[in-house]
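The values are calculated or read from the model by the stated rules, or taken from the named source; none is laboratory data. Remember, it's a predicted structure, so these values are computed and weren't measured experimentally. Counting neighbours? That spans all protein chains shown, and the Cβs are built from the backbone with ideal geometry, glycine included. Please note that ligands, DNA and RNA were not included when accessible areas were found on the heavy atoms of the full protein model with its side chains. Shrake-Rupley method; radii C 1.70, N 1.55, O 1.52, S 1.80 Å.
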Amino acid sequence: EVVTLQWYRQPKTLRLLSDVCLWHTPGWPPLPIRWVLVVDPEGWLPTQAFFTTDLNMAPARVVELFVWRWSLEVTFEEVRRHLGVETQRQWTDLAIARNTPMLMALFSLVCLMVYQWRERWASLPRSTAWYLKSHATFSDCLALVRRTIWSDTLWAKENDVNSTPEQDRVLISPKRLDRLLDQLAATA
């Protein structure tokens, strides 16, 4: 069967071959599974096989669900890398039960804050000379949130009536402060 599916945000025509067979594992009774073989008629993608225990699922649906899972895996990897899920600090069941939902919520809050600050997207993504990016990553979003919160906090303190007397201040140019905040937000 030839179908056109969303393959990582792009429509892709694929050939699918599917059937049901038994999966044998030593020490367990055979388990019926549906297998789906995916072939790219253009030859750009390697041939892949997918499996499900839902024998009634359509082959195209098996492939769609596989592609959808990628955004979920990326989310968990970003939360692990940037927010500390599954680190040494979380080695007990109680710590995991307390911290993991909060860190997942923090991931969502960062994404919502970046969406709310759409006018500041000009600074996204943060590319380097050796690594050009066309799309923002979670680390870019986290840097934008840090940068925005820190600059708003510094601005508020500068205009606070209880700030230190004028002679105790060391002034820094707005341009230098922006550069400093950009670097700190990206590396924090």
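One table, with the values for the structure above:
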item: Packing rank of 19-29, 43-53, where each peptide gets the mean count of other beta carbons within 10 Å, highest leading; result: 43-53, 19-29
item: Hypothetical label at Asp178: residues of the stretch 103-122 whose amide nitrogen lies under 14 Å (7 Å Cα-Cβ projection); result: 120-122
item: Probe 1.4 Å, protein heavy atoms only - accessible area per residue of the stretch 2-69 in square angstrom; result: 69 Å²
item: Size of charge dipole - the stretch 2-69 - debye, nearest 20, with Cβ of Lys, Arg +1 and Asp, Glu -1, no other charges; result: 140 debye
item: Inter-centroid distance (Cα atoms) of the stretch 91-112 relative to the stretch 1-59, Å; result: 34 Å
item: Dipole of the stretch 12-91 [Lys/Arg +1, Asp/Glu -1 at C-beta], most positive-end residue of Leu22, Leu83, Thr52; result: Leu83
item: Largest to smallest accessible area among Asp93, Asp40, Asp178 [probe 1.4 Å]; result: Asp93, Asp178, Asp40
item: The stretch 2-69 - percent of accessible surface contributed by carbon and sulfur, probe 1.4 Å; result: 61 percent
item: The stretch 2-69 - percent relative contact order, Cα under 8 Å, separation 6 or more; result: 28 percent
